[in-house]
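> Sharing a structure here in structure tokens format.
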Amino acid sequence: MNRRVMRGIGLSCAAIAFHAALPAAAQQTEMTGIVLEEIVVTAQRRAESIQDTAVSISALTGSDLKDAGIGRLEDVSSALPNIYIGPRDLRTTSITIRGISADLNNPGLDQSVGVYVDGVYMGRAATINSNLFDLDRIEALRGPQGTLYGRNTVAGAVNFITRKPTATPRTAGSLSFGNYSAVRANAVTSGALTDTLFASISASMDKRDGLVENLATGTDLDDVNGIGGRLTLVYDQGGDFDLTLRADASRDRTNAGAYDVLSNGVMAGTPLADADPYDRLVNQSTDTTQRRDVYGASAELNWRAEAGTLTAITAGRGYKWDNIQENDYTVLDMLDTGIKEKQSQFSQEVRFASDAAERFSYVVGAFYFDQQLDTLSKVQVGTDLGIYPTRQPISIYADVNTRSYAAFGRATWRLADSVNIAGGLRYTYEEKKVDFRQDGDPFGAVAGSIPRRLIKGDEDKISPSLTLEWRPQDDLLTYAGYSQGYKSGGFNIYSITATDDAGYRPENVDNYEIGVKSEFLNRRLRFNASVFFMDYRDLQQNQLVTTPGGISRFQTANAAKVESKGVELELTAIPLPELQVTANYGYVDATFTSYPNATATGADYTGNHLALAPAHTFSAAAEWTQPLSGDLELYLRGEVSHRSRIYFASNNRFGDPSLTLLNARVGIGPETGDWRLTLWGRNLTKETYAINRFEGAVLAGQVVHALGTPRTYGMELSFQF
């Protein structure tokens with residue numbers, strides 16, 4: 001779909017919404033009181049309407065998530081412009097915002113998009129792609145958020161805000177069944193324990209059979225098998241003080257991560273060749289396995305005084321991970337790899353937000369973060385590699401400790417009734433230490449031994465921001481802003497040698513942005529837009545390299561220069577009492593403007609597109625609610641999402657063509673919303689598409705890929721009372 005078609009679709013949606021609303025204006029009685037829901041966000045560290053937030057931000061409310069049947073993080077990206085989330089990854093979930101992402105196979109590499117749950121920073125991507133349930137909303141901020149969010153938000157930030165219990169009793173849940181023996185269940189109950197103490201407990205389960213069959217072992221691969229739970233306690237006297245305690249845990253036990261052979265390379269024409277790369281059948285000696293346990297607890301204190309609100313968030317979190325992955329992708333026993341990780345983190349944030357109604361308002365605070373990540377990278381050299389008569393292990397031990405300290409502030413000065421200027425500053429100091437050792441194979445044929453090494457480094461950075469806001473009328477906000485982002489440097493765990501620390505530099509970005517937020521037709525039409533230009537220096541890029549011994553390793557290097565520029569458009573409208581429509585469009589041109597010597601052989605990637613950065617993303621949804629006999633109503637929802645061609649690595653060698661997916665939901669239930677029975681379907685046109693492709697590390701000429709989820713369908717019963 002070309003740019004002209006995409007622009008036409010967006011303008012057509014706007015025109016339809018506008019003209020459909022015209023007869024509604026003539027029927028004032030019918031539309032009286034029908035307005036778009038106000039979405040309150042905390043993106044600027046204080047509660048405010050999303051239409052008053054001078055930053056490019058999208059939000060999905062709990063109702064939005066329920067209506068769209070969103071159950072996992074990967075389901076979110078199709079509804080957000082210029083945001084792409086890699087599907088089905090549990091340990092290295094890649095979130096791309098405006099073309100910028102990070103491949104987190106290297107334990108020494110940090111995220112480019114900061115992820116926060118109830119204000120708590122998630123230190124590693126392995127903790128974020130789990131079941132989504134009982135959420136109040138999801139906020140996605142595009143562009144660097146260094147001033148208020150700090151470390152490793154160089155591309156943006158995503159906030160998950162869970163629902164708090166109140167004095168009002170509430171019990172809700174859903175149960176869904178689908179093809180591939182899929183079962184998804186969520187339940188929550190909440191209410192008052194005393195006049196001042198409120199509690200909620202929620203649980204979730206998500207299971208599905210595998211999409212790929214391993215003929216060699218009989219195991220179904222690419223399955224889903226996860227459970228989770230959350231407990232929340234709120235102490236609130238209804239005055240100046242409240243305290244929220246949260247604890248959560250989740251577990252996944254899957255055979256996810258399967259890859260089929262796209263090109264057989266040296267195996268072509270042999271009995272070991274894969275005949276069909278799209279049949280979801282593999283013949284491999286090792287089943288992929290993934291085991292993950294995530295857990296954490298936090299305490300949030302709010303104390304309100306006449307001058308403002310003091311907030312303190314204390315949290316401890318951790319996870320355990322263990323996986324094994326086939327590396328030759330045949331029935332031969334040649335090479336398997338995996339990694340065991342144990343992570344623990346402690347974070348403390350204290351901030352004070354003054355009264356936003358004052359002519360001069362501000363937010364100031366301090367942040368501390370301490371993370372310990374203990375990793376064991378495992379390699380099994382198989383007998384069919386022809387080196388040893390028995391399997392031989394290779395072990396790479398790396399314990400990575402990170403400590404970060406920061407102080408930050410942001411102030412807003414009302415120059416006039418319609419003009420504000422806001423400026424922010426954050427100082428960050430960070431330390432990293434690595435305790436490394438490598439035990440190679442006996443002959444050192446694949447990887448030699450490296451004695452223990454202790455490596456450390458530190459760095460600091462000041463990140464400023466400046467925004468000018470102009471509100472010519474109540475329902476129209478325009479803004480122009482500049483901000484800097486920063487992502488810390490680190491060490492290539494898989495490239496450390498006896499004499500080389502394998503370090504890489506921090507990356508920095510200058511972001512320039514203008515935007516508009518508007519509402520029309522008595523708040524029945526909402527249109528937001530932003531235009532941006534981002535100039536990156538020393539962008540950190542992961543490259544898959546192969547050692548002389550044939551082992552595949554990820555190596556991080558600093559790209560010379562990257563530019564990302566584009567637009568985001570978001571439209572929501574209620575043209576008729578029964579109908580609500582949304583449409584989102586994102587365009588991004590994210591390219592290497594200078595990237596010589598990108599590989600050891602001197603390849604030049606200048607002009608290449610960044611990985612996982614489709615130039616065009618578009619989504620639209622329409623919801624129709626029709627009253628039936630009695631108090632029943634019919635609910636209809638249709639969705640379309642589109643992305644243009646995508647590349648899977650910065651060399652642009654492998655990609656996937658443009659993709660359009662269709663989803664639909666049809667439900668019936670009482671107008672009160674006490675229950676709803678829904679038939680649902682995703683990828684209704686049965687599109688076959690790749691979510692990753694790369695060259696095999698063992699067999700010359702081999703190319704493998706992972707396929708996206710095929711058509712799925714089922715039935716869901718939801719309830720609340």
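> If I filter the range 91-112 down to residues being within 11 Å of the chain's Cα centre (by Cα) and surrounded by fewer than 23 Cβ atoms within 10 Å (Cβ to Cβ), which single residue comes out as farthest from I496 (Cα to Cα)?
So the residue we want is S94.
> Would you mind telling me which numbered condition in (1) touching a strand residue (DSSP E or B) at 6+ places or on another chain (Cβ under 6 Å); (2) crowded, with 21+ Cβ neighbours inside 10 Å; (3) closer than 26 Å to E349 by Cα G119 fails?
G119 satisfies every listed condition except (2).
> Going by the conditions given, is T709 among the hydroxyl-bearing types (S, T, Y), under 29 Å from the mean Cα position of the chain (by Cα) and part of a loop (DSSP other than H, G, I, E, B)?
Spelling it out, T709 is indeed among the hydroxyl-bearing types (S, T, Y), under 29 Å from the mean Cα position of the chain (by Cα) and part of a loop (DSSP other than H, G, I, E, B).
> If you scan the range 106-132, which residues turn out to be at positive phi and of a type outside the set (D, E, K, R)? I'd like the intermediate steps shown before the answer.
Narrowing the range 106-132 to residues at positive phi: 118-119.
Of everything in the range 106-132, just one residue is at positive phi and of a type outside the set (D, E, K, R), namely G119.
> Here is a check on your reading of the model: is N159 buried (at least 23 other Cβ atoms within 10 Å of the Cβ) and either under 15 Å from the mean Cα position of the chain (by Cα) or not in a loop (DSSP other than H, G, I, E, B) (or both)?
In short, no.
> Out of all the residues in the range 351-393, which are of a type in the set (A, V, I, L, M), out of contact with any Gly (no Cβ under 6 Å at 6 or more places or on another chain) and assigned to a strand (DSSP E or B)?
Matches in the range 351-393: V363, A366, L373, L376, V379, V381.
> Look through the range 206-234, keep the residues that are among the charged types (D, E, K, R) and open to solvent by 50 Å² or more (accessible area, probe 1.4 Å), and return whichever of them is farthest from the chain's Cα centre (by Cα).
E213
> Give me the strands (runs of 3 or more DSSP E) completely within the range 178-267, filtered to those with at least 3 residues that are farther than 30 Å from D328 by Cβ and either modelled with pLDDT of 95 or more or of a type outside the set (A, V, I, L, M, F, W, C) (or both), ordered by residue number.
Passing ranges, in order: 182-192, 197-208, 224-236, 241-254.
> When you check G681 against the structure, is it among the small types (G, A, S) and modelled with pLDDT under 95, yes or no?
Criteria not met by G681.
> Is it true that L135 is of a type outside the set (K, R) and within 30 Å of T288 (Cβ to Cβ)?
yes
> What residue, of G178, G173, G191, is small (G, A, S), open to solvent by less than 40 Å² (accessible area, probe 1.4 Å) and within 19 Å of L707 (Cβ to Cβ)?
G178
> Looking at the range 460-476, which of its residues are surrounded by fewer than 15 Cβ atoms within 10 Å (Cβ to Cβ) and among the polar types (S, T, N, Q)?
If the condition is that a residue be surrounded by fewer than 15 Cβ atoms within 10 Å (Cβ to Cβ) and among the polar types (S, T, N, Q), then Q473 is the only one that fits.
> Follow-up. I need the full set of residues from the range 426-447 which are surrounded by 18 or more Cβ atoms within 10 Å (Cβ to Cβ) and in a strand (DSSP E or B), in order please.
Keep residues of the range 426-447 that are surrounded by 18 or more Cβ atoms within 10 Å (Cβ to Cβ), which gives 426, 428, 430, 432, 434, 436, 438, 440-441, 446-447.
Within the range 426-447, R426, T428, E430, K432, V434, F436, Q438 qualify.
> Shifting gears a bit: Here are some residues: V666, V704. Which one is surrounded by fewer than 20 Cβ atoms within 10 Å (Cβ to Cβ), assigned to a strand (DSSP E or B) and among the aliphatic types (A, V, I, L, M)?
Exactly one of V666, V704 is surrounded by fewer than 20 Cβ atoms within 10 Å (Cβ to Cβ), assigned to a strand (DSSP E or B) and among the aliphatic types (A, V, I, L, M), namely V666.
> Hey, can you tell me all the residues within the range 362-395 that are in contact (Cβ under 8 Å) with a residue 60 or more places away in the chain and within 21 Å of V120 (Cβ to Cβ)?
Of everything in the range 362-395, those that are in contact (Cβ under 8 Å) with a residue 60 or more places away in the chain and within 21 Å of V120 (Cβ to Cβ) turn out to be V363, G365, F367, F369, Q371, L373.
> Being under 28 Å from E563 (Cβ atoms), in contact with a helix residue (DSSP H, G or I) (Cβ under 9 Å, 6 or more places away or on another chain) and touching a residue at least 60 places away in the same chain (Cβ under 8 Å) is the filter here; which residues of the range 112-139 pass it?
Correct list: E139 only.
> Residues in the range 335-342: is at least one open to solvent by less than 60 Å² (accessible area, probe 1.4 Å), within 21 Å of A502 (Cα to Cα) and not basic (K, R)?
Yes, that holds for at least one residue.
The values are calculated or read from the model by the stated rules, or taken from the named source; none is laboratory data. In this text, all values refer to a predicted model and were calculated from it rather than measured experimentally. In this analysis, Cβ positions are derived from the backbone assuming ideal geometry, glycine residues included, and neighbour counts consider all displayed protein chains. Note: areas computed on protein heavy atoms with side chains; ligands, DNA, RNA excluded. Shrake-Rupley method; radii C 1.70, N 1.55, O 1.52, S 1.80 Å.
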